[in-house]
Every structure is written in structure tokens, then in C-alpha cells.
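Scroll down for the structure; my scribbles are underneath it.
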Amino acid sequence: MKLNIKAFAMTTAILWGAAMLLITWWIILLDGPSDQATFLAKVYRGYSLTFMGSLIGLIWGIVDGAIGGALLAWLYNRFSVKFE
């Protein structure tokens, strides 16, 4: 079975972007907004535990999720043929 690379990339982009947004809002709800540097802020430039930072995290999550999902689906399609 082959995976549709575009569909898989879009799915992972939506999931990772939504996860970044919701996790940031959850942390803001529990601890309040903060400009303190986090690990994700070092990976995703502009991200912070603020409302604007959550939107930047959403954009980074969509981009990163799409690239990672496309790569994962491509690798799956590439190697699944060898094991059939």
C-alpha cells in the first residue's frame, strides 16, 4: 500500500500546527504568558509563550509538519516496496 504524499503532508501539517497552538495556549492558561526562552524557541525562531508566539508556532508547526510528513510518506513508499 502506498501513501499519498500530499495528503499525508497536509495531515501532519494540520496536526503539528494545531498541537503547537493548543499546547502554547494551555501553558499560557496555566502559567501565564512568558518571554522566557524555551527549547522550542531555540528551534522555531520567533516562538514564545505569548499569544503572538502561539501564532508564530502555528505557522512553524504547519511548515515543519508538512516537510516532516512528506518526508515520512516518501520514505515509507520507498522502503515498503522492498518488503512486499
If I model a spin label at Lys42 and Phe83 as a point 7 Å from the Cα along the Cα→Cβ vector, what separation in nanometres do I get? 3.3
With only Lys, Arg, Asp and Glu charged, each at its Cβ (+1 for the first two, -1 for the last two), find how big the charge dipole of the chain is about the Cα centre; round to the nearest 20 debye. 400
Residue by residue through segment 32-43, what is 3J(HN,Hα) from phi via Karplus (6.51 cos²θ - 1.76 cosθ + 1.60, θ = phi - 60°)? Round to whole Hz and write x for glycine and proline. x, x, 8, 9, 5, 5, 10, 4, 5, 5, 6, 7
Give the residue from Leu49, Asn4, Leu30 lying farthest towards the positive end of the charge dipole for the chain; charges sit on Cβ (+1 for Lys and Arg, -1 for Asp and Glu) and the dipole is referred to the Cα centre. Asn4
Restricting to Cα pairs under 8 Å and 6 or more apart, the percent relative contact order of the chain works out to 47
Length gain on complete extension for the stretch Met1 to Phe51, per 0.36 nm per residue less the alpha carbon to alpha carbon distance? 13.9 nm
In nm, spacing of pseudo-spin labels at Leu71 and Ile23 (7 Å Cα→C-beta vector): 1.7
Could you state the angle between the C-alpha long axis of helix 51-80 and the longest principal axis of the C-alpha atoms of the chain, as a value from 0 to 90 degrees rounded to the nearest 10? 20
Would you mind checking which residues have amide H under 5 Å from Leu3's amide H? H placed 1.01 Å from N; only 5 or more apart, or other chain. Asn77
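Do any trypsin sites (Lys or Arg not before Pro) in the chain lie in a loop, going by DSSP, with at most 11 other beta-carbon atoms within 10 Å of their beta carbon, and if so which? All intermediate terms of the calculation are to be shown ahead of the outcome.
Working: sites: Lys2, Lys6, Lys42, Arg45, Arg78, Lys82; in loops: Lys2, Arg45, Lys82.
Here the trypsin sites (Lys or Arg not before Pro) that fit, given the DSSP loop and packing criteria, are Lys2, Arg45, Lys82.
Values in this text are rule-based calculations from the coordinates and carry no lab data. Not measured: the values here are computed from a predicted model. FYI the Cβ positions are ideal-geometry reconstructions off the backbone, even for glycines, and counts take in every protein chain you see.
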